[in-house]
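Written below as structure tokens is the structure these notes are about.
What follows draws every value from the coordinates through simple rules; no lab data is involved. In this text, all values refer to a predicted model and were calculated from it rather than measured experimentally. Reconstructed Cβ throughout: ideal geometry from the backbone, glycine too, with neighbour counts over all protein chains shown.
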Amino acid sequence: MAGRRPIKRQRVFDETRTRELCRSEARKPRHGGQRRRIADPAKKALQICLKVDASLLNTGNYGCAARATFDCDQLVAATASSYGSSPDNPNPFGDVRGRLGSLYFTINSRILSNPPNTIWPLKSAPTRCNASEPAHSRERRGRLESGAKVSSSGLT
């Protein structure tokens with residue numbers, strides 16, 4: 001199994017995380033309190049961001065998906081006042097940021113085999129990527145830039 005990526009299992013994991021993060025309503029509080037949720041503009045922006053992230057994961061653009069996850073976290077950080085609380089979830093802001101950190105860690109270290117990040121949020125943004133370029137082209141270009149030689153049959 002060394003060297004193989006758990007793509008199918010990872011896709012199910014990512015779809016589950018996306019659904020959890022995009023839930024439209026918090027559970028009803030136990031003590032008759034008012035329901036609190038993420039304010040609509042912030043919620044819609046987060047949903048769009050997570051859908052882009054999920055499509056990048058589903059198409060195999062893992063580097064771009066890692067960057068998109070970071071961008072989603074930056075969006076959440078910028079809209080911190082849009083997150084309410086309830087007895088069932090006293091810190092939805094921290095919950096969402098923690099889940100995004102977990103998703104980034106999974107993409108970056110488990111799928112891309114990079115060294116794990118030791119802090120979240122990251123101090124500097126991951127490198128940007130060209131999402132329109134297929135993953136195999138980026139991989140080949142990266143090997144060429146690192147000094148690999150090209151033969152008539154491909155990279156050596």
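Summary of values
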{"read-out": "Whole-Hz couplings from phi, Karplus 6.51/-1.76/1.60, listed for the stretch 85-97; x for Gly and Pro", "value": "8, 8, x, 6, 9, x, 9, x, 4, x, 4, 5, 5"}
{"read-out": "Spin-label model distance (nm) - Lys51 vs Ala39, 7 Å beyond Cα toward Cβ", "value": "2.2"}
